[in-house]
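The values are calculated or read from the model by the stated rules, or taken from the named source; none is laboratory data. On a predicted model such as this, the values are computed, not experimentally measured, just so you know. Here the Cβ positions follow ideal geometry from the backbone for every residue, glycine too, while neighbour counts run over all protein chains shown. Each accessible area value is taken on the protein alone, full model and side chains, heavy atoms only, with ligands, DNA and RNA left out. Shrake-Rupley method; radii C 1.70, N 1.55, O 1.52, S 1.80 Å.
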Amino acid sequence: MLEAMKPERHWRQAGLTLVELLIGVAIGLLLITGATSLFLSNLDSSRRLLLEARLNQNIRSAAELITRDLRRAGYWDQAVATLGSHTTNPHQHIISDTHSVTYSFTPPSGQSDFRFSLVDNRLRLSIGGGTAQDVTDPTMAKVTGFTISFSGSDLDIGTQNIPALPERVQCLVTRRYDISIEAEAPSDPSVKRQLQTSVRVRNDFVGLCP
C-alpha cells in the first residue's frame, strides 16, 4: 500500500535526440553551402570585373596612342617653304594592311618612320626602324585582332603645271582610317573586349588622280 501512495515520476527530455541532431546538422550544412556558393559567385564576379577593367584600359590606351600619332601622319615642316616648286612631300604616303600601318612625319627628334603592328598577340610600335616596343601589356591583354581599313574621298583641285605631266589632273584625298582592336584576358579567355575607333589624318594626300 505504501508503494501505491508514491507519486508518479514524469521523465523530461534533457538534450536532443539523434534524429533532431542530424536534421540540425543537415540544415546547417545547407546554409553553409549556400553562403559559400554566394561568396564564390561574388568573388568570381569581382575577379571578372577587375580583368575587364584592366583589359579595357589597356586596349583603350593603345587605341588613343595609335589615333593620336596617326593623325599627324604626312606632316612636313618644309611644305610652306617649297610651295609652288613641285617638290613632293616625302611623308605623304601611308601604308596600311590587315595588321599594320606604316607612316612618317617630321618630328622634333629627327626620326620620321613609325609602324604599329600586331606581333605575337601584342601591339608593337617601331620608330625609325629601331627595336619594336610593346604598346599593350601582355600580362593584361592578349590582342587577338588588329585591323585597319582605309576610307577617303577624292577632290579634284584642277590641272596643275606639273613637269612631264602637263595634262594630268591632281586630286586632294582626305584620308580616314577605321581601327578595330580585339583582345582577351590572358588568364581568362572568356573575358573579351573589342574596341573600334577612327582617325582623320590632318594632312591630306595631294597627287595625281587615277
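Determine if the stretch 96-103 includes at least one residue that is under 21 Å from Val201 (Cα atoms), among the polar types (S, T, N, Q) and surrounded by fewer than 16 Cβ atoms within 10 Å (Cβ to Cβ).
Yes: one or more hits.
Mind listing whichever residues of the stretch 41-82 are in a helix (DSSP H, G or I), of a type in the set (Ser, Thr, Tyr) and surrounded by fewer than 13 Cβ atoms within 10 Å (Cβ to Cβ)?
If the condition is that a residue be in a helix (DSSP H, G or I), of a type in the set (Ser, Thr, Tyr) and surrounded by fewer than 13 Cβ atoms within 10 Å (Cβ to Cβ), then Ser41, Ser45, Ser46 are the ones that fit.
Leu38 - would you say it is open to solvent by 100 Å² or more (accessible area, probe 1.4 Å), free of Cβ contacts under 8 Å to residues at least 12 places away in the same chain and out of contact with any Lys or Arg (no Cβ under 9 Å at 6 or more places or on another chain)?
Judged against the criteria, Leu38 is a match.
Say whether the condition of being at pLDDT 85 or above and in a loop (DSSP other than H, G, I, E, B) is met by at least one residue in the stretch 170-191.
Yes: one or more hits.
State which residue is farthest from Thr174 (Cα to Cα) when the search covers only the stretch 41-89 and only residues that are at pLDDT 80 or above and β-branched (Val, Ile, Thr).
Checking each candidate, the answer is Ile59.
If you check every pair at least six apart or on different chains, which have Cβ atoms under 6 Å apart with a residue in the stretch 111-123 that is small (Gly, Ala, Ser) first and a residue that is crowded, with 16+ Cβ neighbours inside 10 Å second?
Qualifying pairs under 6 Å: Ser112/Ser104; Ser117/Ser100; Ser117/Arg124.
Does Ile32 meet the test of being modelled with pLDDT of 80 or more, within 36 Å of the chain's Cα centre (by Cα), on the phi < 0 side of the Ramachandran plot and surrounded by 10 or more Cβ atoms within 10 Å (Cβ to Cβ)?
Spelling it out, it is not the case that Ile32 is modelled with pLDDT of 80 or more, within 36 Å of the chain's Cα centre (by Cα), on the phi < 0 side of the Ramachandran plot and surrounded by 10 or more Cβ atoms within 10 Å (Cβ to Cβ).
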